[in-house]
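Encoded as structure tokens, the structure appears first; notes follow it.
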Amino acid sequence: MADPAAPTAAGPEATGTGTGTGTGERPPRWRGSVRTRTTLASTLVVALALVAAGAAVLAVLQRNLVESAGLQAEVAAREVATQVAVGTPFDHLELPDEDDRPVQVVAADGTVLAAGDHLRHAPPMARFARAPHRPEDTDDDRDDDDDDDHAPARGSAAADASFRTLPLTLHDDHHAAGQEFRVAALLATAPSGRTVTVYAGASLDTERQAVGGVRDAMLLGLAPLLLVVAGVTWLVTRRALRPVEAIRAELAEIMGGDLSRRVPQPASRDEVARLARTTNATLAALEKSVERQRQFVADASHELRSPIASLRTQLEVARAHPDLLELDGLIEDTVRLERVASDLLLLARLDAGERPRAERLDLAELVRDELAHRTGDRLPVTAALPDAPVPVSASRTQLARVLGNLLDNAQRHAGSAVRVAVRHGDGGTVALDVTDDGPGVPPADRERIFTRFIRLDDARTRDEGGAGLGLAIVRDVVHRHGGRIAVGDADGGGARFTVTLPAASASASVPRKP
């Protein structure tokens with residue numbers, strides 16, 4: 001069966017007009033799996049490494065064999081040079097086998113004094129020394145072989161020999177023209193004082209055969225080895241990616257809407273297991289967020305339905321009986337509806353990650369201004385504010401909203417007094433305290449009261465309790481400003497709400513109103 005993901009000649013990939021996923025994005029030109037790409041990449045890397053290692057091995061092997069041939073040539077040259085040094089006539093010299101180690105004894109004027117049958121009438125090897133240097137020649141090989149400026153003493157042989165790889169033609173049925181030899185040149189002086197150059201060669205056929213054999217063996221073994229590497233990589237990658245595929249398949253099922261499901265978590269402690277744990281943690285957070293959002297929508301609908309239903313009832317009664325119209329009730333319900341809508345809008349903006357537009361302001365001055373503008377409070381508010389500025393960097397509108405919500409909460413629960421205090425905190429912070437002399441907040445509820453749409457039992461009535469969003473807004477705004485809020489017991493009974501904010505830098509003064 002053909003792979004449905006593979007492109008065809010008439011498919012969208014071929015024409016370039018398809019959208020693939022239906023989202024307008026062009027699909028990739030090649031949809032090879034991670035397993036395929038990993039196998040190809042690892043096989044290519046291993047192939048390159050093997051080729052490089054094989055080339056290095058062949059180069060070292062060839063150099064060692066060439067040096068071995070040079071040593072054989074030097075040994076043959078020293079044997080003949082020793083014979084010359086002890087006074088053996090040139091026509092009685094014992095020469096080695098010419099097929100493997102050809103030898104020439106050449107005079108200073110280029111005359112061949114002694115050689116094998118195939119090189120007796122051939123030009124002296126010194127002539128080849130003046131040929132262009134081959135790439136594999138060393139600096140020692142480039143010495144002039146027939147240089148006798150520093151001739152050895154009479155009846156002796158030179159201690160050092162020079163080497164060169166030369167093509168020689170032996171003119172027989174066993175050697176092809178241009179066969180390569182490693183040639184050693186050695187100076188020798190006969191007892192009569194005549195200095196000659198002894199050339200001895202060693203065939204490089206063995207070197208070529210050995211290098212060629214090793215090269216052929218490497219080439220023959222390369223393909224099976226790469227197949228083994230590709231197969232092992234394919235199997236190992238498939239085994240390693242099997243949990244990833246299981247995670248992907250489970251996520252595809254979870255996309256259907258059931259956020260309570262979790263992806264399978266391997267028992268190993270590798271990266272895939274950590275991926276599964278992180279994915280499950282993300283799904284748990286997403287499930288919690290979705291559930292919170294659903295509850296938020298349900299609570300918001302409930303809070304909005306009450307004033308809307310009240311407004312509708314009063315308007316219908318007013319239409320039927322105009323003399324029974326209660327404007328105060330309509331205004332009260334409209335204000336409550338407006339307040340709930342405003343709170344919901346602010347919470348939505350905070351949830352969207354909106355950062356407050358901070359400005360440098362005096363917290364004590366802000367409290368004075370807000371208290372001066374408050375009207376209709378059930379109880380008077382007592383303020384304890386310092387004369388010196390208390391600088392903070394915050395959004396004036398949002399900080400005023402925090403103070404207003406805390407005061408509204410205190411007014412609903414206070415018995416006879418509400419107090420506000422601004423002070424310097426510890427560690428470069430400032431604190432805003434709002435206290436009342438009401439029943440206080442039980443320790444078990446001190447965290448729950450900051451949950452949206454949560455109201456304690458004594459504040460559930462429409463007249464006394466709000467929509468349950470005021471304290472939630474306070475906490476979110478304070479957290480956005482890098483501060484924290486805590487609930488405790490006030491001196492003499494009641495609740496104390498303490499907002500702690502980072503103090504602004506003291507490098508600049510805070511403007512104060514006259």
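At a 10 angstrom cut-off on C-beta neighbours, averaged per residue, how do the peptides 350-361, 393-404 rank from highest to lowest?
393-404, 350-361
Counting other Cβ atoms within 10 Å, which GluC sites (Glu not before Pro) in the stretch 312-345 have at most 16 and lie in a DSSP loop?
The qualifying sites are 326.
With each label point set 7 Å from Cα along the Cα-Cβ vector, what nm distance links residue 278 and residue 194?
Distance between label points: 8.9 nm.
Calculate the FRET efficiency for residue 253 and residue 351 from the Cβ-Cβ distance with a Förster distance of 35 Å, rounded to the nearest 0.05.
Step by step, r from the Cβ atoms, then E = 0.80.
How long is the gain from residue 429 to residue 335 if the chain were fully straight, where each residue apart is worth 0.36 nm and the alpha carbon distance is subtracted?
Taking residue 429 through residue 335 to full extension adds about 30.2 nm, to one decimal.
Starting from the Cα of residue 305, step 7 Å along the direction of its Cβ; do the same at residue 210; then give the gap between the two resulting points in nm.
Result: 9.6 nm between the two label points.
Could you calculate the contour length gain from residue 111 to residue 313, that is, 0.36 nm times the residue separation minus the distance between their Cα atoms, to one decimal place in nm?
Computed gain between residue 111 and residue 313 is 59.1 nm.
If you add up the charges near residue 354, with Lys and Arg at +1 and Asp and Glu at -1, over every other residue whose beta carbon is less than 14 angstrom from its beta carbon, what do you get?
That sum, taken over residues with Cβ under 14 Å, equals +3.
Test of understanding: what is the full-extension gain from residue 227 to residue 375, defined as 0.36 nm times their sequence separation minus their Cα-Cα distance?
44.6 nm
Using a 1.4 Å probe on the protein heavy atoms, what percent of the accessible area of the stretch 304-449 belongs to carbon and sulfur?
54
Using a cut-off of 12 Å between beta-carbons, work out the net charge of the residues near residue 496 (Lys and Arg +1, Asp and Glu -1, residue 496 not included).
Its environment carries a net charge of -3.
From the square roots a ≥ b ≥ c of the eigenvalues of the alpha-carbon gyration tensor of the stretch 210-263, which class results: rounded (a/c under 1.5), prolate (a/b over b/c), or oblate?
Verdict is prolate for the stretch 210-263.
Report, by chain and number, residues whose modeled amide H sits under 5 Å from the one on residue 429, excluding near sequence neighbours (fewer than 5 apart, same chain).
Here the answer is 503, since their amide H atoms fall under 5 Å of that of residue 429.
What are the semi-axes of the equivalent ellipsoid for the stretch 33-130, taken as the square roots of 5 times the Cα gyration tensor eigenvalues, largest first, in whole Å?
The answer is 52, 13, 10 Å, longest axis first.
Using 7 Å Cα-to-Cβ label points, what is the residue 33/residue 342 separation (nm, one decimal)?
6.0
Could you compute the FRET efficiency for residue 71 and residue 48, with r as their C-beta to C-beta distance and R0 at 41 Å, rounded to 0.05?
0.70
With a probe of 1.4 Å, find how much accessible area the stretch 265-337 has per residue, and write the answer as a whole number in Å².
So the stretch 265-337 comes to 73 Å² accessible per residue, rounded to a whole number.
Which cross-chain or sequence-distant (5 or more) residues have an amide H under 5 Å from the amide H of residue 116, H modelled 1.01 Å from N in plane?
Residues meeting the amide H criterion: 103.
Say R0 is 56 Å: what FRET efficiency, to the nearest 0.05, do residue 453 and residue 235 get from their beta-carbon distance?
0.50
The values are calculated or read from the model by the stated rules, or taken from the named source; none is laboratory data. These figures come from a predicted structure and were not determined experimentally. Every residue, glycine as well, gets a Cβ built from its backbone with ideal geometry; the counts of neighbours run over all protein chains shown. All accessible areas refer to the heavy atoms of the entire protein, side chains included, with ligands and DNA or RNA removed. Shrake-Rupley method; radii C 1.70, N 1.55, O 1.52, S 1.80 Å.
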